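Working notes, beginning with the structure itself.
The values are calculated or read from the model by the stated rules, or taken from the named source; none is laboratory data. If you're wondering where the values come from, they're calculated on a predicted model, not measured in any experiment. Backbone-built Cβ (ideal geometry, glycine too); neighbour counts: all protein chains shown. Surface areas here come from the heavy atoms of the whole protein model, side chains and all, with no ligands, DNA or RNA. Shrake-Rupley method; radii C 1.70, N 1.55, O 1.52, S 1.80 Å.
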Amino acid sequence: MFQVDSVHHDKMIPGWCTSQERINFNVLVLVTEGKVVYEVDQKRLIAEKGDLLILPKLITRAGVNHESGPHQKYTILFTCNKEETLLPFLQCYEQTLIKPRNFESLRRRFEKLLLEMRGARSFRSMICQGILQELLGIIARELEQPEMAPMKIKYAHTIQNYLVEHYRESIEIGQLAKLIGRSENYTISIYKEVTGQSPIKYLHRLRIMEACYLLLNTKTSIASISQYLGYYDTSYFFRMFKQLTSMSPSEFIAMGQPLDSEVFWGS
């Protein structure tokens, strides 16, 4: 059985450090900004934005901010019976540092687990255990896949960061291709290979997720929201909304409650 002990979100803490100790729990670290330095069993390693670090129980570790400055990361501390889990990365006694393909999917689950742990709602421990198990399953699947060239993952993350910052704008594949200095076909291909979806599909998911928030939390009209999100043809906005949520904007408003993020993002 898996048990979540604690979840933390360190956000650019000056002077952050953790003392050297032999840990009696498993640790998952997802770096979302900057770099962080760990000394693990007397070996120095650097985890940077987009990295996932797995520290199994009984490892000796210490951590400190990178010389470049503070960092931002999620950290999950959990325990489990090694005899009861078939996950190879928890059976070993060495750290694992990877740059996961599905970084955003992992980040959302880290965030979701943090919110559940900080809440006081009923069945919290059961829900947290379920989120952790799902998270560990995704990591195990990630580790089973053939290793991907770091440059491919870097290209995909560059494109993704641009889309997150500019999703309301009109974006052409040519713009994304210029970001990484490659052809348009290669840009589409590499993004889909790393993330499992095309850049344009990801863009629409960002927009429709924001539309759901605006429909429930503002008095803005559907047509105005459509334009605000870059859909100057309202009928096209309606089609994309229904395609991703299985309902029309009006039906969503009538339902009156947010959708689980996995409706948009899946695994």
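Scanning the stretch 1-32 for residues that are free of Cβ contacts under 8 Å to residues at least 60 places away in the same chain, open to solvent by 30 Å² or more (accessible area, probe 1.4 Å) and either in contact with a His (Cβ under 6 Å, 6 or more places away or on another chain) or assigned to a loop (DSSP other than H, G, I, E, B) (or both) yields a count of 6.
Here is the figure for the stretch 33-52: residues that are surrounded by fewer than 17 Cβ atoms within 10 Å (Cβ to Cβ) and of a type in the set (Lys, Arg) total 2. Just to be sure before I move on: is Ile127 among the hydrophobic types (A, V, I, L, M, F, W, C), open to solvent by 30 Å² or more (accessible area, probe 1.4 Å) and in contact with a helix residue (DSSP H, G or I) (Cβ under 6 Å, 6 or more places away or on another chain) in the structure I sent? Yes: the conditions hold for Ile127.
Within the stretch 132-172, the residues that satisfy the criterion of being open to solvent by 30 Å² or more (accessible area, probe 1.4 Å) and closer than 30 Å to Ser224 by Cβ are Asn161, Tyr162, Val164, Glu165, His166, Tyr167, Arg168, Glu169, Ser170, Glu172. Within the stretch 64-110, take every residue that is among the β-branched types (Val, Ile, Thr) and more than 16 Å from the chain's Cα centre (by Cα) and give me the one that is modelled with the lowest pLDDT. If we take residues in the stretch 64-110 being among the β-branched types (Val, Ile, Thr) and more than 16 Å from the chain's Cα centre (by Cα), then Thr85 is modelled with the lowest pLDDT.
Scanning the stretch 193-207 for residues that are more than 13 Å from Thr158 (Cα to Cα) and either part of a helix (DSSP H, G or I) or in contact with a helix residue (DSSP H, G or I) (Cβ under 7 Å, 6 or more places away or on another chain) (or both) turns up Glu193, Ser198, Ile200, Lys201, Tyr202, Leu203, His204, Arg205, Leu206, Arg207. From the list Glu104, Glu116, Glu165, pick out the single residue that is of a type outside the set (Val, Ile, Thr), in contact with a Cys (Cβ under 6 Å, 6 or more places away or on another chain) and part of a helix (DSSP H, G or I). The match here is Glu116.
Since Ile190 meets every condition but one in (1) modelled with pLDDT under 95; (2) open to solvent by 20 Å² or more (accessible area, probe 1.4 Å); (3) in a helix (DSSP H, G or I), which condition does it not meet? If we test Ile190 against (1) modelled with pLDDT under 95; (2) open to solvent by 20 Å² or more (accessible area, probe 1.4 Å); (3) in a helix (DSSP H, G or I), just (2) comes out false.
Filtering the stretch 50-96 to residues that are part of a strand (DSSP E or B) and under 17 Å from Glu144 (Cβ atoms) leaves Leu52, Ile54, Thr96.
In contact with a Leu (Cβ under 7 Å, 6 or more places away or on another chain), over 16 Å from Leu143 (Cβ atoms) and surrounded by 14 or more Cβ atoms within 10 Å (Cβ to Cβ): is that true of Arg61 in this structure? Here the answer is yes, as Arg61 does meet what is asked.
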